[in-house]
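Since the structure comes first, as structure tokens, the remarks are kept for the end.
Each reported figure results from applying straightforward, stated rules to the coordinates on display, with no laboratory input. Note that this is a predicted model, so its numbers are computed, not measured. Methodologically, a virtual Cβ is constructed for each residue, glycine included, from the backbone with ideal geometry; neighbour enumeration extends over all protein chains shown.
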Amino acid sequence: MTATQDIYPQTPTLDQDIQQLAQSWRHPRGIFGWLSYTTHQAIGMRYIVTAFVMLLAGGAEALMMRTQLMHSNNGYLGPERYNQIFTTHGTTMMFLFAVPMMEGMAIYLIPLMCGTRNVAFPRLNAFGYWMYLFGVLFLYWGVFTNAAPDVGWFAYPPLSGPQYTPGKSTDYWAQMITFTEVSALCVAAELIATILKMRAPGMSLNRMPLYVWSILTQSWMIIFAMPAIVLASSYLLSDRTVATQFVNPAEGGDPLLYQHIFWFFGHPEVYIIFIPALGFVSSIVVAHAQRELIGYTAMVLAQIANGFIAFGLWVHHMFATDLPQIGEAYFTASSMMIAITSGVQIFCWIATLWSGKPRLTTALLFVYGFIAIFVLGGLTGVILASVPLDLQVHDTFFVVAHFHYVLIGGAVFPLFGAFYHWFPKFTGRMMNERLGRINFWVLFAGFNLTFFPMHILGLKGMPRRIYTYSPEMGWDQLNLLATIGAYIIAFGGLLFLVNLFWSRKFGAIAGNNPWNADSLEWAAASPAPNYNFEYLPAVTSRYPLWVPAEERTFVTGTRTDRREVLVTTLMDAQPHHRYILPRPSIWPLIAAICVTVGFAGSVFNGWYITWGTIISALALIGWFWPKRPLDPAHD
Amino acid sequence: MTNVRTLDVSHLKPYEISTQAPLWWGQFMFVFIEGTMFCILIGAYFYVRLRMDVWPPPGDQFPHKLLPSLALIPLILSCVGTYWAGEAARRDSRSGMIGGMALNLVLAGIALWMRIVEWHSLNFNWMTDAQGSYVWAFLGLHTFDYIGDLVFTGVLLLLVLIGRYGPKQRLGVYVDSIVWYFLVAIWIPIYIVIYWGPVLVETQQ
């Protein structure tokens, strides 16, 4: 506290040229210019829009499945088509919607919340987006050419191996994973660097908003989890295309090892999706309860502990395989431990809401919905952590119910809350609250109607991944309920879209800080200009916008004639040096195209890896080739 | 406006060549990613290896140890060149950067040549069996990164030689060094796994 106050000079001079600032941060014109954008608002919004389209695609696939299961002996989808649809649904929702959506929100919000002008590596950010987009196009090109993957979103060998699934569909799937992991790793690296080195002066680690903590945790999890899926998908792809023997038991390979490596990634993946959502909840709770968060330190520690424990419980996805009993006991215990860290957070939010003055906005309604649904999903999680119960309901609809409760309840409800909360910052206009409330209740009712009956169906023995069932099983009524619920969710989604487009045009003008929220993004104009802040803020509190206006401090002395930001020290965020961010560039797109040629081509012919590597290396050299002026001290 | 509290930063340097630079953190993360991948691959190798009675599988000859062991000498010494270049980049010494990077490239090239000679003498490939797949994956992935780093060191050397460099490129020379240290450091456990792994771990009965 004292250290940061020492650095405030006594005689202020505000001499920055705002017009020059806007000029330096202006987007390049034309279609070529549009492809060269590197601002975090533009890239973040591209992620959000693309991921939202993927949510609609995944939702359409879910509706097709529910329509097929509406009643027994339905002939709407055949077994092959049904396999393709559930695989594409799972793959789309996990890899192409959930993770990129959380990344897009973080790319948009983190530089604003940290009080800087862009992410640390803006061109890498653009490259990551293009890789994601090409991954989307690659998978859906397969889907639309009748080569949709059909071996489940985890593609276990030997079913997914070259003997049992010939053709290209699984290759498309495995290589799509490569695209998304490159993208996710780019985003994780740049967000960690942004959070650690570019926070506003005075925003020491213990003053970081919980959302920033959640993204820091999530990004480190990506760094440690994604390499595992790199290996798993490469095992599969190279076994299929160049005849390696990684998962072929006949030559000493091991299919079970694939499951271990896949879930060493796959379980943290769920937390990669859900930890940012916890950050949304913290932001919404603080802003809408108008009160400082209770148990900040406990929340931060619980979130980081979540991140660690997530790497120690992957085997609970594999209880039905032949494992030593000591292993099962260990993984049961570690799976149950998650209930402790999640419980700490739930209690802190409830305490904050209880002692605050909550305004029942749509955003907060979604948080209430999150708490209700997520706690229920957590409870079935504790049930599934126990080996005998898990074996009983393994591969039944009980599991489907459980993970939709934790994933939709734990991630999608907070995400909708976040849309309602941050829409004013994205667009400058408020979303319609009345329609928002209806939107919430329709989604909440539809969700429970769809997924609650699945618990009972699972207990009655209905297995997952079956395309139909016979009438004497007695599953008809509950399935019909679930299907009706699915259409109600779809209607809720439609209401959201209507609200989105209506509010974008006719919503009330928001102003900088419509919720009287506490964190720095609300100090910027709405929508946030490319440079975010006219003067970079310095902070003296964990809730910087709740300190009296006359006590706020601004940074002067960064140059406005180029894209300059401030680098601060890691722990205490003391100003350290100035840092010039690169200008817009087409090179990230060129590099992404070159890498795509290598990745996509290698599915058909191994030599594409060689040629793709060479042209990618040339593109990277072009990207990094120095442009004049070379020395920032002398221009 | 006179009541506004401000913090003037105009006296701060417009760049920095040290561990405070965001780019250093970016490279550091790259090292974490690669390191995690190699660690999982080593774990997977032992998972497969400990489930086999005979290792390497019949027909695969033991890799020779002499040449790869000797190759460690130029490889480890190449870090001296990297260190020299990195420190020279901080001081803005052009001759130091050129000397350091050239030394690094020469020694790393010798180590690479020795590795490839030994690689050629293997009597199995990635298709033969699981041990073949793993050995080729270790060699292939590490050599891919290795050559990639040599290419970019070569480009940086070229930029310094033609004088087309400023603080940004000097920072590049500096952060390039942590990737090289990593590639050398991770090679040592990989070397042990590939060339000594079949001998060190007793075959289970």
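Tabulated results
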item	result
Along chain A, longest interval not containing exposed chymotrypsin sites (Phe, Trp or Tyr not before Pro), exposed being DSSP loop plus at most 15 other Cβ atoms within 10 Å	A:165-603
Tensor-based shape of the stretch B:22-200 (alpha-carbon gyration tensor, a/c under 1.5 rounded, otherwise prolate or oblate)	prolate
Exposure proxy ranking, count of Cβ atoms within 10 Å, fewest first, for B:Arg170, B:Arg49, A:Arg504	A:Arg504, B:Arg49, B:Arg170
Cross-link reach list, aspartates and glutamates versus A:Lys425, counting only Cα pairs under 14 Å and skipping chain neighbours closer than eight places	A:Asp518, A:Glu521
Angle between chain A longest axis and helix A:325-355 axis [Cα atoms, degrees, rounded to 10]	50 degrees
Acute angle (nearest 10 degrees) that the helix B:66-91 long axis makes with the longest principal axis of chain B, alpha-carbon atoms	10 degrees
Average beta carbon contacts from partner chains per residue of A:571-579, 10 Å cutoff	4
Ranked list, fewest to most other Cβ atoms within 10 Å of each Cβ, for B:Val151, A:Val300	B:Val151, A:Val300
Cα pair distances in the stretch A:114-252, grouped into 5 Å bins until the bin that holds the longest one, percent each	2, 10, 16, 17, 15, 12, 10, 8, 6, 4, 2, 0, 0
Average beta-carbon neighbours from other chains, 10 Å sphere, peptide B:146-158	2
Residues whose placed amide H lies under 5 Å from that of A:Arg429, excluding near-sequence neighbours	A:Ala510
Alpha-carbon centroid distance for the pair the stretch A:72-109 / the stretch B:90-119, whole angstrom	48 Å
Alpha-carbon Debye profile of the protein assembly as shown, log10 I(q)/I(0) at 0.05, 0.11 Å⁻¹	-0.28, -1.38
Global form of the stretch A:520-560, assessed from the alpha-carbon gyration tensor, a/c cut-off 1.5	oblate
Under 18 Å from B:Lys13, Cα to Cα: aspartates and glutamates that are on another chain or at least 8 residues apart	A:Asp561, A:Glu564, A:Asp631, A:Asp635, B:Asp92
Cβ-placed point charges (K, R +1; D, E -1), dipole of chain A about Cα centre in debye, nearest 20	1540 debye
Crossing angle, helix B:130-161 versus chain B [Cα axis fit, 0-90 degrees, rounded to tens]	30 degrees
Chain A - mean residue ellipticity at 222 nm from DSSP helices (-39,500 (n - 2.57) per run, n ≥ 4, rounded to 500)	-21000 deg cm²/dmol
J(HN,Hα) series, the stretch A:458-470, from Karplus relation 6.51 cos²θ - 1.76 cosθ + 1.60, nearest Hz, glycine and proline x	x, 5, 7, x, 6, x, 6, 6, 10, 8, 6, 8, 9
Centroid-to-centroid separation of the stretch A:481-552 and the stretch A:359-401 [C-alpha atoms, Å]	28 Å
Sequence of A:Cys186, A:Cys348 once ranked by neighbouring C-beta atoms within 10 Å, starting from the fewest	A:Cys348, A:Cys186
